[in-house]
Amino acid sequence: MEIRGLSTKDYRQAKALWKTCFGDSDAFIDTYFQYAAPIEKSLGLFSGGALLSDLFMLDFKAVLSGAVYHAPFLAGCATLPEARKKDYMRTLIKQALTQMKARGIAVTFLHPFLHAFYRKFGYGTVAYVKTRNITSDARLISREVRHARAVEQAPLALLARSYTAFISGYDNYFARGAGRMDAWVRLLFSDGGVLSYIAEGETAAYAMYYVRGDTAEIFELVYFDEAQKQSLLHSTGAKNVTFRTPAPAGEEEFTMMRALDPARLLAACPMKERAALVLYIEDSFLETEYRLAVEAAGGANKVAMTDAPPDFSMDIGTLAQLVAGSCLPEGQKQLCGVFAPKISCYFEQY
């Protein structure tokens, strides 16, 4: 077996693997590799020159309670059907996380096909959503809605500015510059998606979606008042509309996060004034453990290694939930009084 980063010479095999596992169109895959995930930002597992499994590490910027991190986003984690159940993906993810940690990466994210599968690797769910279904009613359209189906029709700079204005109202999110917005919109259009938007002043409310049969499936919805929201929801031309909204823990699991540098994350995590405690954190997947004294210090918290007995013990996935202000297991509920709950909003799935 050989594990290495993919190169352009592996493009044909990487594309075939993606198509086999995800079933996307050639246009979508080509656009993805060109604009969203250059093939060099990857790891592949080969046997006799044949690519059996691979993953991609997208360049994302994450904001957690105001702190900004370079946070690679794992995507396209795929293994050929005949090569599954041999721990190939486990091997790739372990090597990817080890490389990130060596580069000083503090945190990484993904949107999984199965949350339980990635919990084994130290990921914790940090965002939940509620899926809503409505029947379109044109009488609820009160704003002028424009529709774009090609990059040339999309006001990319306005969209990027509007996304930032909307998403920064949440505690945790992905910052998205003009380049990522361009790639995101290109992916939408490559597979026949639609962008609907309402341009008003310096911002635009917008919806990105695909129409499947008589249903519009909205996967990104940005708005600044209820009239904009209703106008977008009811102007897709489809009979039915589905969309997601951020929700408290207990609803549908969505984005997962993985801590790689607990001390750095805890230093930037808002704490109750004058709080101080010792945390024991076990990272069994990367065979590491931490015993950290954490003390609120009016700005960045003081975090140091210690031999003192811990006040709380947790695994690395629970630490991700703690830092993100997500739901905590019963044994750590008391920590919600020290680290305040937060609201996360993520749209990205790939």
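Here are the numbers for the structure shown:
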{"quantity": "Only listed residue being surrounded by 20 or more Cβ atoms within 10 Å (Cβ to Cβ), in contact (Cβ under 8 Å) with a residue 12 or more places away in the chain, out of contact with any Phe, Trp or Tyr (no Cβ under 9 Å at 6 or more places or on another chain) and closer than 27 Å to R161 by Cβ, chosen from S235, S196, S231", "calculated": "S235"}
{"quantity": "Of the criteria (1) crowded, with 19+ Cβ neighbours inside 10 Å; (2) closer than 30 Å to P329 by Cβ, which one G169 fails", "calculated": "(1)"}
{"quantity": "Residue match in the stretch 3-10 (condition: modelled with pLDDT of 95 or more, buried (at least 19 other Cβ atoms within 10 Å of the Cβ) and either in the same structural domain as A150 (by the TED database) or among the hydroxyl-bearing types (S, T, Y) (or both))", "calculated": "no"}
{"quantity": "Test: residue in the stretch 111-129 that is on the phi > 0 side of the Ramachandran plot and surrounded by 12 or more Cβ atoms within 10 Å (Cβ to Cβ)", "calculated": "yes"}
{"quantity": "Answer from K101, K9, K85 - the residue that is within 29 Å of A259 (Cβ to Cβ), assigned to a helix (DSSP H, G or I), out of contact with any helix residue (DSSP H, G or I) (no Cβ under 9 Å at 6 or more places or on another chain) and charged (D, E, K, R)", "calculated": "K101"}
{"quantity": "Flag if T79 is surrounded by 14 or more Cβ atoms within 10 Å (Cβ to Cβ), more than 18 Å from the chain's Cα centre (by Cα) and either under 28 Å from A178 (Cβ atoms) or at pLDDT 95 or above (or both)", "calculated": "yes"}
{"quantity": "Test: A27 is in a helix (DSSP H, G or I), of a type in the set (A, V, I, L, M), closer than 23 Å to Y210 by Cβ and over 21 Å from the mean Cα position of the chain (by Cα)", "calculated": "yes"}
{"quantity": "Cβ-Cβ under 9 Å pairs, at least 6 apart or on other chains, the stretch 43-67 side farther than 14 Å from L17 by Cα, far side part of a loop (DSSP other than H, G, I, E, B) and of a type in the set (D, E)", "calculated": "L58/E348; F60/E348; V63/D171; L64/D171; S65/D171; G66/D171"}
{"quantity": "Residue within the stretch 212-222 that is buried (at least 21 other Cβ atoms within 10 Å of the Cβ), among the small types (G, A, S) and closer than 23 Å to A165 by Cα present", "calculated": "no"}
{"quantity": "Scope the stretch 221-245; condition hydroxyl-bearing (S, T, Y) and within 15 Å of A138 (Cβ to Cβ); matching residues", "calculated": "S231, S235, T236"}
{"quantity": "Residue list for the stretch 180-192, restricted to those being of a type in the set (G, A, S) and either crowded, with 20+ Cβ neighbours inside 10 Å or under 17 Å from the mean Cα position of the chain (by Cα) (or both)", "calculated": "A183, S190"}
{"quantity": "The lone exception for T20 - which of (1) of a type in the set (S, T, Y); (2) part of a helix (DSSP H, G or I); (3) under 27 Å from R103 (Cα atoms) it fails", "calculated": "(3)"}
{"quantity": "Verdict on T131 being under 16 Å from F243 (Cβ atoms) and in contact (Cβ under 8 Å) with a residue 12 or more places away in the chain", "calculated": "yes"}
{"quantity": "Number of the condition not met by K41 [criteria: (1) at pLDDT below 95; (2) under 22 Å from A127 (Cβ atoms)]", "calculated": "(2)"}
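The values are calculated or read from the model by the stated rules, or taken from the named source; none is laboratory data. Please read these numbers as outputs of a predicted model, since none were measured by experiment. Counting neighbours? That spans all protein chains shown, and the Cβs are built from the backbone with ideal geometry, glycine included.
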